[in-house]
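Note sheet for the following structure.
The values are calculated or read from the model by the stated rules, or taken from the named source; none is laboratory data. What you see is a predicted model, and the numbers here were worked out from it, not measured in a lab. Backbone-built Cβ (ideal geometry, glycine too); neighbour counts: all protein chains shown.
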Amino acid sequence: MRYGIIGCGRISANHFAAAKENHLEIVAICDVLPERMEEAKAQFDLPTVACYTDYQAMLEQEDLDLVAICTESGKHAAIALNALDSGVHLIIEKPIALSLSDADQIVKKSKEQGLVVCACHQNRFNKSIQKIREAVEEGRFGRMMHGAAHIRWNRGESYYTQAPWRGTWEQDGGALMNQCIHNIDLLRWMMGGEIEEVVSYTDNMRHPFIEAEDLGLALVRFRSGAYGLIEGTTNIFPKNLEETLYLFGTEGTVKAGGKSVNLIEEWMFADGLDDSEEIKKTFHENPPNVYGYGHNPLYADVIEAIEEGRAPYVTAQDGRDALELVLAIYQSAAQGACVKLPLKDVASTDFTGRFNDRIDVAHVESVKERLHEEDAAHAPRA
């Protein structure tokens, strides 16, 4: 299966490794910075791979089956829609888009053209998460009462200067959209998916050099009558503390923790079908970073989905639903009111200026101007 990747930044290493592990033929890569592609070629031993600074040229000139989109978030949708028009299957890094209208177009076009589109929420493939999902599907929790997702991380100024698009409403969003969306996706998935309403607060408390939030707190009411709590922040001193997912049912209690919810820390069920200590020992992973080990099985599933003509385990609709919940939190916080779902069209850019009283506006505007200049310099040909 012929494979290409668009965007050779920080997350791309996980995609290159998963592509090689799953025996994809890596034939083309694309990035606006040639030096990034040279680094990738050296790191993953790809001396003959074709390199492009224009993704449209890559799509036109290469015969590709599967493409991974690993650019800044604000470019995901446009690239995805162009790629679907070229007839390729896709893996799109989270978030799938930054507006619901773009996400809906991706879902619609992928169905119309019969193409596989996977939203890269790789933590669904964690051993711990797979075991918890099995218990959910078997009804072992009884009636689900509430769940909680906590993402207590640290991101300093150097993280944002490394890639200035981070923390901008146009290209990224804040902590919830970037760092927390994986666990937000897991909470919605485990609790049944359908949401009635959301009420929330967001703030920028110690990152005056970015536009968006570094703290988000939300209460979610699911249509089942269950509740969800979300706490996401990049303010924790002095480094990442934890990412946890709690699920509380009338017949079961589970806690997943670790760097990327890759450990089962509590496992208690009324049915007594298994030994909790054995479960915690068996479904335990210790990844080197917060990305975990999920990219490899995600790729294996996508390849199988393409070959079998079925939907992937994590669909474009799943990516759209995770995006909707983050945007609902943003909207509730901005309006100071409870927000009903489903949402009509909402985009991250709707919240531009939200924290102007807390940030260094001149600095942020200079960063955005530089980003726009770089976009103009690297714009694909007409």
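Does Ser110 fit the bill of being farther than 22 Å from Ala316 by Cβ, touching a strand residue (DSSP E or B) at 6+ places or on another chain (Cβ under 6 Å) and of a type outside the set (Lys, Arg)? So Ser110 does not fit the description; no.
Identify, from the list Pro312, Pro380, the residue that is touching a helix residue (DSSP H, G or I) at 6+ places or on another chain (Cβ under 9 Å), within 26 Å of Leu59 (Cβ to Cβ), of a type outside the set (D, E, K, R) and modelled with pLDDT under 95. So the residue among Pro312, Pro380 that is touching a helix residue (DSSP H, G or I) at 6+ places or on another chain (Cβ under 9 Å), within 26 Å of Leu59 (Cβ to Cβ), of a type outside the set (D, E, K, R) and modelled with pLDDT under 95 is Pro380. The set of residues in the range 192-214 that are crowded, with 20+ Cβ neighbours inside 10 Å and either free of Cβ contacts under 8 Å to residues at least 40 places away in the same chain or touching a helix residue (DSSP H, G or I) at 6+ places or on another chain (Cβ under 9 Å) (or both) comprises Ile195, Val198, Ser200, Thr202, His207, Ile210, Glu211, Ala212, Glu213, Asp214.
State which residue is surrounded by the most Cβ atoms within 10 Å (Cβ to Cβ) when the search covers only the range 132-146 and only residues that are in contact with a strand residue (DSSP E or B) (Cβ under 6 Å, 6 or more places away or on another chain) and closer than 17 Å to Lys280 by Cβ. Out of the qualifying residues, it is Ile132.
Given the structure, is Val261 out of contact with any Ser or Thr (no Cβ under 8 Å at 6 or more places or on another chain) and either outside the structural domain of Met177 (by TED's automatic domain parsing) or among the hydrophobic types (A, V, I, L, M, F, W, C) (or both)? Criteria not met by Val261. Residues of the range 136-160 that are touching a helix residue (DSSP H, G or I) at 6+ places or on another chain (Cβ under 9 Å), among the charged types (D, E, K, R) and closer than 26 Å to Ala212 by Cα: Arg155 alone.
Residues in the range 57-66: is at least one surrounded by 18 or more Cβ atoms within 10 Å (Cβ to Cβ), within 21 Å of Thr168 (Cβ to Cβ) and either in contact (Cβ under 8 Å) with a residue 12 or more places away in the chain or touching an Asp or Glu at 6+ places or on another chain (Cβ under 9 Å) (or both)? No, there is no match, as no residue in the range 57-66 is surrounded by 18 or more Cβ atoms within 10 Å (Cβ to Cβ), within 21 Å of Thr168 (Cβ to Cβ) and either in contact (Cβ under 8 Å) with a residue 12 or more places away in the chain or touching an Asp or Glu at 6+ places or on another chain (Cβ under 9 Å) (or both). What residue, of Val339, Val364, Val326, is buried (at least 20 other Cβ atoms within 10 Å of the Cβ), of a type outside the set (D, E, K, R) and not assigned by TED's automatic domain parsing to the domain that holds Cys180? Being buried (at least 20 other Cβ atoms within 10 Å of the Cβ), of a type outside the set (D, E, K, R) and not assigned by TED's automatic domain parsing to the domain that holds Cys180 holds for just one of Val339, Val364, Val326, which is Val364.
So is Tyr299 aromatic (Phe, Trp, Tyr), buried (at least 18 other Cβ atoms within 10 Å of the Cβ), at pLDDT below 95 and under 25 Å from the mean Cα position of the chain (by Cα) or not? For Tyr299, the condition - aromatic (Phe, Trp, Tyr), buried (at least 18 other Cβ atoms within 10 Å of the Cβ), at pLDDT below 95 and under 25 Å from the mean Cα position of the chain (by Cα) - is not met. Take the range 351-376 and flag every residue that is in contact (Cβ under 8 Å) with a residue 24 or more places away in the chain and in a helix (DSSP H, G or I). Result: Phe351, His363, Val364, Val367, Lys368, Arg370, Leu371, Glu374. Does Ala334 satisfy the condition of being buried (at least 17 other Cβ atoms within 10 Å of the Cβ) and in the same structural domain as Gly228 (by TED's automatic domain parsing)? Answer is no for this residue. Assessment of the range 51-62 against the conditions (closer than 21 Å to Gln122 by Cα and either at pLDDT 95 or above or in a helix (DSSP H, G or I) (or both)) yields no matching residue.
Among the residues of the range 166-202, the ones that are farther than 16 Å from Leu341 by Cα and of a type in the set (Gly, Ala, Ser) come to 4 in all.
When we screen Phe141, Phe125 for residues that are over 19 Å from the mean Cα position of the chain (by Cα) and aromatic (Phe, Trp, Tyr), the only hit is Phe141. Selection of first residues in the range 72-92 that are assigned by TED's automatic domain parsing to the domain that holds Ser110 and closer than 17 Å to Gly9 by Cα and of second residues that are assigned to a strand (DSSP E or B) and of a type in the set (Gly, Ala, Ser), restricted to Cβ pairs under 8 Å at least 6 apart or on distinct chains, gives the following pairs, ordered by first then second residue: Ile91/Ala68; Ile92/Ala68; Ile92/Ala119. Within this structure, Ala337 passes the test of being over 27 Å from Lys108 (Cβ atoms) and modelled with pLDDT of 95 or more.
Among what's in the range 112-136 and is hydrophobic (A, V, I, L, M, F, W, C) and part of a loop (DSSP other than H, G, I, E, B), pick the residue that is nearest to Thr250 (Cα to Cα). Filtering first and then ranking leaves Val116.
Within the range 21-51, restricting attention to residues that are acidic (Asp, Glu) and surrounded by fewer than 17 Cβ atoms within 10 Å (Cβ to Cβ), the residue that is nearest to Ala80 (Cα to Cα) is Glu25.
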